[in-house]
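Here the structure comes first, spelled out in structure tokens, and everything after it is commentary.
The values are calculated or read from the model by the stated rules, or taken from the named source; none is laboratory data. Computed from a prediction, not measured in an experiment: that's the story for all the values here. Counting neighbours? That spans all protein chains shown, and the Cβs are built from the backbone with ideal geometry, glycine included. Side chains included, ligands, DNA and RNA excluded: accessible areas come from the protein's heavy atoms. Shrake-Rupley method; radii C 1.70, N 1.55, O 1.52, S 1.80 Å.
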Amino acid sequence: VVVDGRILHGRRGLAAEIGHMTITNEGERCVCGVVGCFEAIASGTALGRRATAATAAGDGSALRRLSAEAE
Ligand SMILES: [Zn+2]
């Protein structure tokens, strides 16, 4: 991220890394160790995992076809 011609590094160099921004104080623990990261709640991987948990194999639902365990 460049602001006023200068590189914005942010804390620990993660200024542009929104995946590990905390968006809630509940839910699954992220691979980074924090609970509530965008990555663990709403990334494509997380949504696929949640779709798998919310459906059953072979149930024929569109959600299952889009889940992490879809064929
Ligand atoms: Zn994280």
Item to check | Flag if ILE18 is assigned to a helix (DSSP H, G or I) and either modelled with pLDDT under 90 or under 11 Å from the mean Cα position of the chain (by Cα) (or both) | outcome: no
Checklist entry - Here are some residues: ARG29, ARG64. Which one is loosely packed, with under 15 Cβ neighbours inside 10 Å and charged (D, E, K, R)? => result ARG29
Item to check | Every residue from region 39-54 that is open to solvent by 20 Å² or more (accessible area, probe 1.4 Å) and either more than 10 Å from the ligand (Cβ to nearest atom) or among the charged types (D, E, K, R) (or both) | outcome: GLU39, ALA42, GLY44, THR45, LEU47, ARG49, ARG50, THR52, ALA53, ALA54
Item to check | Selection within region 1-15 - open to solvent by 100 Å² or more (accessible area, probe 1.4 Å) and part of a strand (DSSP E or B) | outcome: VAL2, ARG6, ILE7
Checklist entry - Do we have any residue at all in region 43-51 that's among the hydrophobic types (A, V, I, L, M, F, W, C) and within 10 Å of the chain's Cα centre (by Cα)? => result yes
